[in-house]
Amino acid sequence: MDTPPTIAPPPPLPDRLSVDPGSPHHVPAVFEHDVGIRFNGRERRDVEEYCISEGWIKVAAGKTVDRRGRPLLLTLKGRVEAFYR
């Protein structure tokens, strides 16, 4: 009899998370799963960083980049919800 592989439950989503690996708010274990962000009731797929308790997300400002080649980020304030898809 073969036993089915056990799938570890995803880690709890942090209050603040960033997709930038150089950020202190980057948690690699969370990105092993598909994370969704709902901002003001609408799902967003362009979020670079979020903070639930402070109520903001950061999104890229078009194709504009800084002098290090990273996208310039705009901060939008509102109701933020993070979830696993």
Quote to one decimal, in nm, the extra length available between S53 and S23 on full extension: 0.36 nm per residue of separation minus the C-alpha distance between them.
-> 9.0 nm
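Once you sort the root eigenvalues of the Cα gyration tensor of the stretch 16-84 as a ≥ b ≥ c, which label holds: rounded (a/c under 1.5), prolate (a/b larger than b/c) or oblate (the other case)?
Since a/c reaches 1.5 but b/c is at least a/b, the shape of the stretch 16-84 is classed as oblate.
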Take every Cα pair under 8 Å in the chain that's 6+ residues apart, average their separations, divide by the length, and report that relative contact order as a whole percent.
-> 28 percent
The rounded separation in angstrom of the Cα centers of the stretch 6-30 and the stretch 47-63 is 15 Å
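A short reminder: the numbers here are calculations on the coordinates, not readings from a lab. Worth saying up front: this structure is predicted, and the values here are computed from it rather than measured.
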